[in-house]
Amino acid sequence: LVILFSQEKSVDNKPWYRDAWDDLLDQFEEKSYLNARRWKPGLDPYKLHAFNQRECERTPSNRALRDTRHYRCTTLHYGPDLPPTSIVITFHNEARATLLRTIRSILNRTPVHLIHEIILVDDFSDDPNDCLLLTKLPKVKCLRNDRREGLIRSRVRGADMARGEVLTFLDSHCEVNKDWLLPLLQRVKEDRTRVVSPVIDIINMDTFAYVAASADLRGGFDWSLHFKWEQLSAEQRARRADPTEPIKTPIIAGGLFVIDRSWFNHLGKYDTAMDIWGGENFEISFRVWMCGGSLEIVPCSRVGHVFRKKHPYVFPDGNANTYIKNTRRTAEVWMDEFKLFYYWARPAARGNVRGREELRRRLKCKSFKWYLDHVYPELKIPDDSDSKSGVIRQRQNCLEYQTLEGQEMPVLGLGPCMGTKEVPALYQEWIYTHGQQIRQKQHCLSLSTMFPASQVLLLPCNASDGKQRWQKSGSHLEHLASHFCLDSEMALDGLESSRMLVISPCEPSAYTQRWEVPFS
Ligand code: UD2
Ligand code: MN
């Protein structure tokens, strides 16, 4: 019954949405903007935007939506003096139909006095009119980049121009639902250090149906800095007596959130050295938590978003490179010693970045350990039980841990592989640790200044010793401190069976540098 009544009947209830604007919007949409092309059979409606553009254009931008909130949300009251907001929407080659729906749903479902302005940042889309024509709509402003900047720098540009007390960021393919903004502004008004997101409902990318998302989710991630939605644990759910109560979240999805403008500026906006897409949600989430704020999802605010399976736009430096560049900056500046787990999970990322350490010092932010302990204790810290292990093999031979009678230190050798592939001989089995060490028992492959500088030895493991770090690079094993490669060298006796292990300049064609390893 409740659901029946919460179905919107007419387009919207909007005290301020006057007829004149209605006319403007209708005209605007039908005559000048969409420029609906005929969808002839054979045209692929997914081609340009990676969602069904035909269905999208068929779906009226002012359609009625089901109110997807918990019914108790409808009984809440919000203060009369909420702060007005500047809504910042960046886009690159967004479909006109989705862009218009984003804006029209905002105009339809937001009290007029709460919208200071809607700032569109056109990130160098092919057609400047996608943005410009929309400035006919009330409150809408348009900024166009004169080159592709990516969403991070575009958002900063929009935020710098904004004059509302509070900033609201949205993606360009959203559809806001009833009363979406009020509970968000309320939370920020009560405490300016809160950064708040709505529950993100799903606009089906094939049918454009608006589907309610679960309100029992929060943001989480793994050590490769891959975002995922997480069910609240049974305990967390039990603690939530009131379904309208906000949910603290370790991380936000990134696109849809409200933040006090001066708090955003104080915290250092975004890392503008990040390109195109990705990673900025980790950076801002760690920063908010570690520098004195908090992140939450407000279940009484609902905004639909078109989730896609792939990016419709190109990445000038490639998708994977950009993601790694952006997340590596996050790991280097914010994750302290835990960044090793990130490098372990993403072997392709390496090297230091010149980052925002100075910002972190100035704001006197807490440690990543504090973040893990207080904000995300559920994230499992890797230990040896989930390490990668197995033999390190060259032709018929395997690296081995040899103990010689009367000698305290074990010796690193190369001998015929023993045992089977599944169950190798114990002394030939190596663990690749999260700190990028190659280990057996308490000893790690290492170099020493006491011996010929190139000789690889087994020394007691020491996580902070950079000389003990190795990484697979093609079929080579690279010693990270020297950028040399693990090599097997003929010993002085000239016997094939007694090779020494050394590092030497990497040589793609040298078979003595090729290793099969149990990790990537
Ligand atoms: C999610 C976020 C998105 C962003 C991203 C990580 C949600 C719903 N979406 O990915 O906001 O945080 O994770 O970076 O939480 N855009 C530009 N310039 C570009 C590329 C994209 O302006 O060069 C715009 C794009 O048109 C869109 C927004 O940035 O409005 C986000 O891009 P997306 O929709 O492809 O990202 P999404 O939703 O997969
Ligand atoms: Mn999006």
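The values are calculated or read from the model by the stated rules, or taken from the named source; none is laboratory data. Please read these numbers as outputs of a predicted model, since none were measured by experiment. As a convention, Cβ positions derive from the backbone with ideal geometry for all residues, glycine included, and neighbour counts pool all protein chains shown. Side chains included, ligands, DNA and RNA excluded: accessible areas come from the protein's heavy atoms. Shrake-Rupley method; radii C 1.70, N 1.55, O 1.52, S 1.80 Å.
Do you know which residues across the stretch 306-325 are open to solvent by less than 50 Å² (accessible area, probe 1.4 Å), among the hydrophobic types (A, V, I, L, M, F, W, C) and near ligand 1 (Cβ under 9 Å from one of its atoms)?
VAL306, PHE315
Is it the case that the stretch 477-489 has a residue that's within 22 Å of GLU408 (Cβ to Cβ), touching a residue at least 40 places away in the same chain (Cβ under 8 Å) and not β-branched (Val, Ile, Thr)?
So in the stretch 477-489, the residues within 22 Å of GLU408 (Cβ to Cβ) come out as none.
Taking every residue of the stretch 477-489 in turn, none turns out to be within 22 Å of GLU408 (Cβ to Cβ), touching a residue at least 40 places away in the same chain (Cβ under 8 Å) and not β-branched (Val, Ile, Thr).
Just one of SER125, SER154 is within 16 Å of ligand 2 (Cβ to nearest atom), in a loop (DSSP other than H, G, I, E, B) and under 28 Å from GLU57 (Cα atoms); which is it?
Going through SER125, SER154 in turn, the sole match is SER125.
Does THR272 fit the bill of being among the polar types (S, T, N, Q), touching a Leu at 6+ places or on another chain (Cβ under 9 Å) and within 16 Å of ligand 1 (Cβ to nearest atom)? So that I can check it myself, show each step before the final result.
Values: among the polar types (S, T, N, Q): yes; touching a Leu at 6+ places or on another chain (Cβ under 9 Å): no; within 16 Å of ligand 1 (Cβ to nearest atom): yes.
Taking the combined requirement at face value, the residue does not satisfy it.
Are any residues in the stretch 140-153 open to solvent by less than 70 Å² (accessible area, probe 1.4 Å) and of a type outside the set (Val, Ile, Thr), and if so, which ones? Break it down stepwise before answering.
Residues of the stretch 140-153 open to solvent by less than 70 Å² (accessible area, probe 1.4 Å): 140, 142-143, 145, 148-153.
Selection gives CYS142, LEU143, ASN145, ARG148, GLU149, GLY150, LEU151, ARG153.
Among the residues that make up the stretch 331-347, is at least one of them more than 24 Å from LYS269 (Cβ to Cβ), open to solvent by 20 Å² or more (accessible area, probe 1.4 Å) and of a type in the set (Asp, Glu)?
Yes, the stretch 331-347 contains at least one residue that is more than 24 Å from LYS269 (Cβ to Cβ), open to solvent by 20 Å² or more (accessible area, probe 1.4 Å) and of a type in the set (Asp, Glu).
Which one of these does TRP289 not meet: (1) within 16 Å of ligand 2 (Cβ to nearest atom); (2) crowded, with 20+ Cβ neighbours inside 10 Å; (3) aromatic (Phe, Trp, Tyr)?
(1)
Would you check which residues across the stretch 104-122 are open to solvent by 40 Å² or more (accessible area, probe 1.4 Å) and in a helix (DSSP H, G or I) and list them?
The initial filter retains those residues of the stretch 104-122 that are open to solvent by 40 Å² or more (accessible area, probe 1.4 Å), namely 112-113, 116.
Once the filter is applied, which keeps residues that are open to solvent by 40 Å² or more (accessible area, probe 1.4 Å) and in a helix (DSSP H, G or I), the stretch 104-122 yields VAL112, HIS113.
Filtering the stretch 184-208 down to residues that are of a type in the set (Asp, Glu) and more than 13 Å from ligand 1 (Cβ to nearest atom), which residue is surrounded by the most Cβ atoms within 10 Å (Cβ to Cβ)?
Going through the stretch 184-208, the residues of a type in the set (Asp, Glu) turn out to be 190-191, 201, 206.
With more than 13 Å from ligand 1 (Cβ to nearest atom) added as a condition, the list becomes 190-191, 206.
Details: GLU190: 9, ASP191: 12, ASP206: 10.
Per the criteria, the residue is ASP191.
For the stretch 221-240, give me each residue that is under 27 Å from ARG72 (Cα atoms) and in contact with a Leu (Cβ under 8 Å, 6 or more places away or on another chain). Spell out how you get there, then give the answer.
Step one: list which residues in the stretch 221-240 are under 27 Å from ARG72 (Cα atoms), which gives 229-240.
Residues satisfying the conditions are TRP229, GLU230, GLN231, LEU232, ARG240.
In the stretch 273-285, which residues are part of a loop (DSSP other than H, G, I, E, B) and more than 16 Å from ligand 2 (Cβ to nearest atom)? Can you show your working first?
Filtering the stretch 273-285 for residues part of a loop (DSSP other than H, G, I, E, B) gives 273-275, 277-279.
Scanning the stretch 273-285 gives ALA273, MET274, ASP275.
Let's see how each residue does on (1) open to solvent by 20 Å² or more (accessible area, probe 1.4 Å); (2) under 30 Å from CYS56 (Cβ atoms); (3) within 16 Å of ligand 2 (Cβ to nearest atom); (4) assigned to a strand (DSSP E or B):
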| position | (1), (2), (3), (4) |
| --- | --- |
| SER214 | yes, yes, no, no |
| GLY219 | no, yes, yes, yes |
| TRP223 | yes, no, no, no |
| ALA238 | yes, no, no, no |
| ALA241 | yes, no, no, no |
| ILE259 | no, yes, no, yes |
| PHE264 | no, no, no, no |
| ASP271 | no, no, no, no |
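Those residues that are part of a helix (DSSP H, G or I) and either open to solvent by 40 Å² or more (accessible area, probe 1.4 Å) or within 12 Å of ligand 1 (Cβ to nearest atom) (or both), I need them from the stretch 157-183; list them, please. Let's see the steps before the verdict.
Within the stretch 157-183, the subset part of a helix (DSSP H, G or I) is 157-161, 181-183.
ARG157, GLY158, ASP160, MET161 - these are the residues of the stretch 157-183 that are part of a helix (DSSP H, G or I) and either open to solvent by 40 Å² or more (accessible area, probe 1.4 Å) or within 12 Å of ligand 1 (Cβ to nearest atom) (or both).
Scan the stretch 371-381 and give yes if some residue there is closer than 30 Å to VAL333 by Cβ, part of a helix (DSSP H, G or I), open to solvent by 60 Å² or more (accessible area, probe 1.4 Å) and among the aromatic types (Phe, Trp, Tyr), otherwise no.
Filtering the stretch 371-381 down to residues closer than 30 Å to VAL333 by Cβ leaves 371-381.
Okay, now just the ones that are also part of a helix (DSSP H, G or I), so 371-374.
Among the residues that remain, those that are also open to solvent by 60 Å² or more (accessible area, probe 1.4 Å) are: 373-374.
From what's left, among the aromatic types (Phe, Trp, Tyr): none.
The answer is no; no qualifying residue exists.
Being in a helix (DSSP H, G or I), more than 16 Å from ligand 2 (Cβ to nearest atom), of a type in the set (Lys, Arg) and buried (at least 23 other Cβ atoms within 10 Å of the Cβ) is the requirement here; does ARG360 meet it? I'd like the intermediate steps shown before the answer.
Working: in a helix (DSSP H, G or I): yes; more than 16 Å from ligand 2 (Cβ to nearest atom): yes; of a type in the set (Lys, Arg): yes; buried (at least 23 other Cβ atoms within 10 Å of the Cβ): no.
Answer is no for this residue.
Only residues that are within 16 Å of ligand 2 (Cβ to nearest atom) and acidic (Asp, Glu): list them for the stretch 165-191, please.
Just the residues of the stretch 165-191 that are within 16 Å of ligand 2 (Cβ to nearest atom), to begin with: 168-176.
Passing the criteria: ASP171, GLU175.
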